[in-house]
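The next block holds one structure in the form of structure tokens; read it before the comments.
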Amino acid sequence: MTHTNDLGQPIGAPVPDWTPPPRPAREVLAGQYVRLEPLDEDRHGPDLWEAFSANTDGSDWTYRMQEPFASEAALTAWLREIQSLDDMIYYAYVSQETGKALGNGAFMTIAPTAGSIEVGSIMFSPALQRTRMATEAMYLHMRWAFEAGYRRFEWTCDPLNLASMRAAARLGLSYEANFRHAYVSKGRNRDKAVFAATDRDWPTIKTAFETWLSPENFEDGVQKIPLSELTGPSLVATAPRFASSRKNDLGQPIDAEVAGWTPPRRPNDEVMEGRFCRLERLTEAHGPDLFEALSDDTEGRVFTYMPNGPFAEYEAYLEWLRAEMTCSDPLQFAILVEGRGVGTASFLRIAPEAGSIEVGYITFTPRLQRTPAATEAMFLMMQWAFEAGYRRYEWKCNALNAPSRRAAMRLGLSYEGVFRQAQIVKDGNRDTAWYAAIDSEWPRLRAAFETWLAPENFDQQGQQRSSLSDMTEPVLIAKG
């Protein structure tokens, strides 16, 4: 069903009586074959060392952030470090039959206000791989999340990790996106594939798991019906096959080395100046001009897809501005034309260790919209990011925000995917569309921007002679 606001703009479906779910507690989640126990170095360390040691060639660790542990003491030290993390809740996967821990995993990227949670950092020992215990462990994570009230359950992995990619689809998680240059791990580039299930998918997936896990589905320990056949109807998309010509010594596909990688610095009190506009850190002094420029938008269209606004009174806007100007992520900038504030934009999701940064929270007033200054502002922010050393430059927006999606591609950012039920904004569902450019694309994008912004590209009436989208389109690897 299509929902529109009073201005005729498409908006997300209302989410009535939404209450954010609780964060996971450190409690046991028990099934028929396995139980998930909050990780404890003393209780689980010896078992995990024994179980992981069975992987003698280290192949199980290729796509993990960690290397194989050289000793039980090293593993125990890592367990001690992660077992009490606040942002991740780690569990040991313990056999109901033997009482031994055979693997571990975690709830992570826990966002109750968005209704989203991820399962990750999963390590199955050889004794756990391809068993009912392994499947049931994932079911217990998913069941807890949806029964607690989460609307979105995520799984991410290296897209070259074909086993993990197949596992996500088998569990009923639909492919949504591949983030290029998401990390640098072990000195190599790592992209990130994203899969998810939503609460709308859950009834079908739950029935599939319960059918597959039932004793009637096994004869002499062999399944009668594969789980993938049962979960297949819940999938809305499957992943393309990702490949690499590079292999490690075990024959596993790996990505390119990132030689001499040094994380870039965080943005701070930057001033970015071009021919048409100037960007500087947002301060209270910008408030009067910005609010006046926003008043030209009498219908409030600027704020339809924003989490804030519109602001009827200056005091309300000033309260928002004061909160934003003290925040380091998002890091807000005022966009000035002829010395007066006509818009704002920010750097956010700033992750120097991953080499990734996002531009967002963009508010272009009518005075700035569809002007060379608006384009130049986006160029200046992209230029700062790549010249500072970031490898990935992101843009995300409400999937229903067609102008923002067109703008991303016009600026040379390629479509990567849509996260279903990513957030709840203004009491309505928000699916989020993702776009990005990477450092290898920057030279061509910079040339396109500089050509478009050059005085020779505008006639005496200020009209462009060549469109930016014509110049950036060859850089796009995907549109959407």
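General observations
- If the segment from GLU313 to ALA285 were pulled out straight at 0.36 nm per residue, it would be longer than the present Cα-Cα gap by 8.4 nm.
- As a fraction of the 1.4 Å probe accessible area of the stretch 395-480, surface on carbon and sulfur atoms comes out at 50 percent.
- Angstrom value of the Kirkwood radius, inverse mean 1/r, which spans all Cα pairs in the stretch 54-159: 15.0 Å
- Euclidean distance of C-alpha centroids, the stretch 341-369 and the stretch 2-70, integer Å: 31 Å
- Label assignment, Cα extents along the principal axes in Å derived from the structure, set [x] 81, 51, 38; [y] 84, 61, 37; [z] 60, 60, 57: [x]
- Helix 442-453 vs. the chain, principal-axis angle (Cα, 0 to 90°, nearest 10): 20 degrees
- Atom-type composition of the exposed protein surface of the stretch 222-376 places 50 percent of the accessible area on carbon and sulfur (1.4 angstrom probe).
- Cα gyration tensor shape of the stretch 332-418, rounded if a/c is under 1.5, else prolate or oblate by comparing a/b with b/c: oblate
- 3J(HN,Hα) couplings calculated from phi for the stretch 137-148 with the Karplus curve 6.51 cos²θ - 1.76 cosθ + 1.60 (θ = phi - 60°) are, in sequence order, 4, 5, 4, 5, 4, 5, 4, 4, 4, 6, 6, 6 Hz; Gly and Pro show x.
- Inter-label distance for TRP261 and ALA30, nm, one decimal - labels placed 7 Å from Cα along Cα-to-Cβ: 4.3 nm
- Among the trypsin sites (Lys or Arg not before Pro) within the stretch 387-480, those in coil by DSSP and having at most 12 neighbouring Cβ atoms inside 10 Å are ARG465, LYS479.
- Per-pair calculated FRET efficiency, R0 = 51 Å: MET306 and LYS247 via Cβ, rounded to 0.05: 0.65
- Using the Cβ-Cβ distance between THR204 and TRP61 with R0 = 41 Å, the FRET efficiency computed as 1/(1 + (r/R0)^6) comes to roughly 0.75.
- Potential lengthening between ALA478 and GLU216 on full extension [0.36 nm per residue; Cα-Cα distance subtracted]: 89.8 nm
- Separation of the THR113 and ILE82 label points, Cα + 7 Å toward Cβ, nm: 2.8 nm
- Of the trypsin sites (Lys or Arg not before Pro) in the stretch 1-82, those whose Cβ has at most 16 other Cβ within 10 Å and which sit in DSSP loop: ARG26, ARG64
- Accessible carbon and sulfur surface of the stretch 1-149 relative to its total accessible area, %, 1.4 Å: 51 percent
- Global geometry of the stretch 190-335, whether rounded, prolate or oblate, following the gyration tensor of its Cα atoms and the 1.5 cut on a/c: oblate
- For the stretch 39-135, GluC sites (Glu not before Pro) are listed when DSSP marks them as loop and at most 13 other Cβ atoms sit within 10 Å of their Cβ; the list is GLU97.
- Tensor-based shape of the stretch 313-357 (alpha-carbon gyration tensor, a/c under 1.5 rounded, otherwise prolate or oblate): oblate
- The residues packed around GLN9, meaning those with a beta-carbon under 11 Å from its beta-carbon, carry a net charge of -1 if Lys and Arg are +1 and Asp and Glu are -1.
- The stretch 32-91: radius of gyration over Cα atoms, expressed as a fraction of 2.2 N^0.38 Å: 1.16
- Taking 0.36 nm per residue of separation and subtracting the Cα-Cα distance, full extension of the segment from GLN96 to ASP269 would add 56.7 nm.
The values are calculated or read from the model by the stated rules, or taken from the named source; none is laboratory data. Owing to the predicted nature of the structure, the values given are computational and were not obtained by experimental measurement. Here Cβ is always computed from backbone atoms with ideal geometry, including for glycine, and neighbour counts include all displayed protein chains. The protein model used for the area step is the full one, side chains on, heavy atoms only, and it has no ligands, DNA or RNA in it. Shrake-Rupley method; radii C 1.70, N 1.55, O 1.52, S 1.80 Å.
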